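Enquirer: Handing you a structure now.
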Amino acid sequence: MSIVRLASFAFSGIETVPVEVQVQITGGLPAFILVGLPDKAITESRERVRAALNGMGLSLPPKRILVNLAPASLQKEGSHFDLPIALALLAAMDIVPSEELEGFAALGELALDGAIGPVAGILPAALGAAERELGLICPLAQGGEAAWAGSVEILAARDLPQIIAHLNGKQLLSAPQPPALETSTAGQACLSQVRGQEAAKRALEIAAAGNHNLLLSGPPGAGKSMLASRIAGLLPDLTPAQALEVSLIRSVAGLLEGGRISSRPPFRSPHHSASQAALVGGGPKARPGEISLAHHGVLFLDELPEFGRPALEALRQPLETGFCTISRAAAHVSYPARFQLIAAMNPCRCGHLGEASRECGSAPRCGETYQQKLSGPLLDRIDMVIGMAPISPGEIARVPLGESSTTVAARVTQARTRQRERGVSNAEEALDTLVPALSQEALALADRATTQLALSNRGYVRCLRVARTIADLEESDVVKRRHMAEALTYRHRSRLAALV
Ligand SMILES: Nc1ncnc2c1ncn2[C@@H]1O[C@H](COP(=O)(O)OP(=O)(O)OP(=O)(O)O)[C@@H](O)[C@H]1O
Ligand SMILES: [Mg+2]
């Protein structure tokens, strides 16, 4: 009555939790029992395993088959336990040598014909296997993804017969190679295509250089969406550690296509109909949301007031802490969510508030109602607000081409390098190090503005951070008065109101 054991993993956020699949076949009435807090997908895996074995001409022994997923106290979910259950069962049936399985963990979903289908979380599983000095058996399509873990032995197989042949030494599987790192910014639209709008471009550059949150406000057709989407081309490459973290989140979300890891920061632009779960994560499977998929990159919320109120309010905590915690019935799951918020909006529903010839009859009340959809605490977290007035159609073709994304990106990279050398991104710098960098005049101006603009403590600190970035763009170690003055113009809440 020996027990066959095979390692696998459950996931908690982007962390792996080891799970051992134990199979025991004993005499008694024929049964196939699965225990160890499985969810519906795992309970159904019995049927898939049975069908896959049948497909290979094998039938389950007419005995009592007990499958336990240990530790029993951990709630397990997902179809990726199909493969380890089938392999442990095959070992218990002496079809594969059980000692061959000892050095491996396995993840994969089985089709009824024994084909092994892709599952979420292969990258963290491969890293988890490496940590525990195990190899990984995974779906063929995800071999490249697993191979990023480095020294791990990867068996990436199309179907069960291929693994059986390999483990019996009949036909060996070749080791998969990780796909090339994606580094290209090709195909990204260039900033020079946006004509004029110099003030908004300047704000975008500062936001990109210091990771600051930015809100663009203006009438329809002003070029807000056009400009905001070009921030992707201004940001420097991720560090290898950041690229790995971003890829782990994508892997857990089942979105790491072809196992391709990119060194470019993510740019996510969910539609305003996105639910709270889609935006911040959660739902029945506690999936990472858009804010986590935008980790180390940009979350672009176009038409900001059109997003659901609960979804917007749910951004408040992650905007401050850089992660979000989703509460489940059984546990709390945390995902990293250090993202830069870029948002765009019209000043009112018709969009023409402030344009005397075009605004509707209910101005300015319609603007107030529309802008009230954004709560004070959310606006307080937005470092910079800039109004964009459209260029008249007659003029637009005559405005000369501006700087290209490459030119601006070079300045952004320079400013970010200065921050990296200081050890902290400006968007997260604390008052203790911000204040000593201020000149006397800058500090005096900030203090005066605090009362005049009725800044909150958060608003004050965020203003100092933006000023620090403006100084960085000028390669100045000291934050001078003019840097502070420019930063304050972006903080001016009445900028939003000025459009009214
Ligand atoms: N400054 C500009 N330079 C070049 N093209 C522009 C500019 N502004 C607007 N356009 C043109 O107008 C189109 C609409 O711009 P965009 O979608 O960015 O406007 P918007 O401000 O987001 O409007 P809405 O509030 O309706 O979403 C662009 O696709 C572009 O063709
Ligand atoms: Mg738009």
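The values are calculated or read from the model by the stated rules, or taken from the named source; none is laboratory data. Please read these numbers as outputs of a predicted model, since none were measured by experiment. Reconstructed Cβ throughout: ideal geometry from the backbone, glycine too, with neighbour counts over all protein chains shown. Calculation scope for accessible area: heavy atoms of the full protein, side chains included, ligands and nucleic acids excluded. Shrake-Rupley method; radii C 1.70, N 1.55, O 1.52, S 1.80 Å.
Enquirer: State the answer as a single residue: which of Gly36, Ser59, Ala149 lies farthest towards the positive end of the charge dipole of the range 3-167, with beta carbon charges of +1 for Lys and Arg and -1 for Asp and Glu, about the Cα centre.
Expert: About the Cα centre, the residue reaching furthest to the positive side is Ser59.
Enquirer: List the aspartates and glutamates whose alpha-carbon lies under 19 Å from that of Lys170, not counting same-chain residues fewer than 8 positions away?
Expert: Asp94, Glu99, Glu100, Glu102, Glu153, Asp159
Enquirer: Taking all protein chains in place and a 1.4 Å probe, what share, in percent, of the accessible surface of the range 373-439 do carbon and sulfur account for? Let's see the in-between values first.
Expert: Numbers: 2020 of 3290 Å².
Roughly 61 percent, rounded to a whole number.
Enquirer: Let me ask something else. Around Asp302, what is the net charge, scoring Lys/Arg as +1 and Asp/Glu as -1 over all other residues with Cβ under 12 Å from its Cβ?
Expert: Counting the neighbours of Asp302, the net charge comes to 0.
Enquirer: Quick one: the Cα spread of the range 3-167 along its three principal axes, in angstroms, biggest first?
Expert: So the three principal-axis extents are 45, 35, 26 Å.
Enquirer: Same structure again: Gain in length, Gln317 to Ala165, computed as 0.36 nm per residue apart minus the alpha-carbon separation, to one decimal in nm?
Expert: In short, 49.6 nm is gained.
Enquirer: Using only alpha carbon pairs under 8 Å that are at least six residues apart, calculate the relative contact order of the chain and give it in whole percent.
Expert: Over the chain, the number comes to 13 percent.
Enquirer: Can you tell me how much longer the chain between Val424 and Lys285 gets when fully stretched, taken as 0.36 nm per residue apart minus their C-alpha distance, in nm with one decimal?
Expert: Result for the pair: 46.6 nm of gain on full extension.
Enquirer: Here is a further query. Show the residues, 5+ positions off or on another chain, whose built amide H is closer than 5 Å to the amide H of Ser262.
Expert: Counting only residues 5 or more places away or on other chains, the set is Glu182.
Enquirer: So, one more: Need the list of lysines near Lys40 for cross-linking: C-alpha distance under 29 angstrom, and skip anything on the same chain fewer than eight residues off.
Expert: Qualifying lysines at Cα under 29 Å: Lys63, Lys76, Lys285.
Enquirer: Per residue, how much accessible area does the chain have with a 1.4 Å probe, in Å²?
Expert: Using a 1.4 Å probe on heavy atoms only, each residue of the chain averages 43 Å².
Enquirer: State, to one decimal in nm², a quarter of the convex hull surface area for the C-alpha atoms of the chain, i.e. the direction-averaged projected area. Write down the numbers at each step before the final one.
Expert: Numbers: hull surface 108.8 nm².
Over every viewing direction, the Cα hull of the chain projects on average to 27.2 nm².
Enquirer: On to the next question. Which trypsin sites (Lys or Arg not before Pro) in the range 393-459 sit in a loop by DSSP (not H, G, I, E or B) and have at most 11 other Cβ atoms within 10 Å of their own Cβ? Don't skip to the end; give the middle numbers.
Expert: On the way: sites: Arg398, Arg411, Arg416, Arg418, Arg420, Arg422, Arg448, Arg458; in loops: Arg398.
Passing sites in the range 393-459 are Arg398.
Enquirer: Taking 0.36 nm per residue of sequence separation and subtracting the Cα-Cα distance, how much length would be gained by fully extending the chain between Gln188 and Glu100, in nm to one decimal?
Expert: 26.9 nm is the gain from fully extending Gln188 to Glu100.
Enquirer: Treating cross-link reach as a plain straight distance, find the lysines whose alpha-carbon is under 24 Å from the alpha-carbon of Lys224, omitting any fewer than eight places away in the same chain.
Expert: Within the straight-line limit of under 24 Å, Lys224 reaches these lysines: Lys201, Lys373.
Enquirer: Given DSSP loops and a limit of at most 16 other Cβ atoms within 10 Å, what is the longest stretch of the chain that contains no such GluC sites (Glu not before Pro)?
Expert: Numbers: sites that count: Glu102, Glu133, Glu153, Glu303, Glu355, Glu403, Glu474, Glu475.
Answer from the scan: 154-302.
Enquirer: Just from its helices, what would the mean residue ellipticity at 222 nm be for the chain, if runs of 4 or more DSSP H residues each count -39500 (n - 2.57) and the sum is divided by every residue, rounded to the nearest 500 deg cm²/dmol?
Expert: Only helices count here, giving -10500 deg cm²/dmol.
Enquirer: Hey, another quick one. Using a 1.4 Å probe and ignoring any ligands, DNA or RNA, find the accessible area of His352 and quote it in Å² to the nearest 10.
Expert: For His352, the solvent-accessible surface is approximately 30 Å².
Enquirer: Here is a follow-up. Quick check: Cα centre of the range 33-87 to Cα centre of the range 131-146, how many Å?
Expert: 20
Enquirer: Ok, one more. Can you say what percent of the DSSP beta bridges in the chain, counting only those with both residues inside, are antiparallel? Round to 5. Present the calculation step by step, with values, prior to reporting the outcome.
Expert: Values: 27 of 57 bridges.
DSSP beta bridges in the chain are roughly 45 percent antiparallel.
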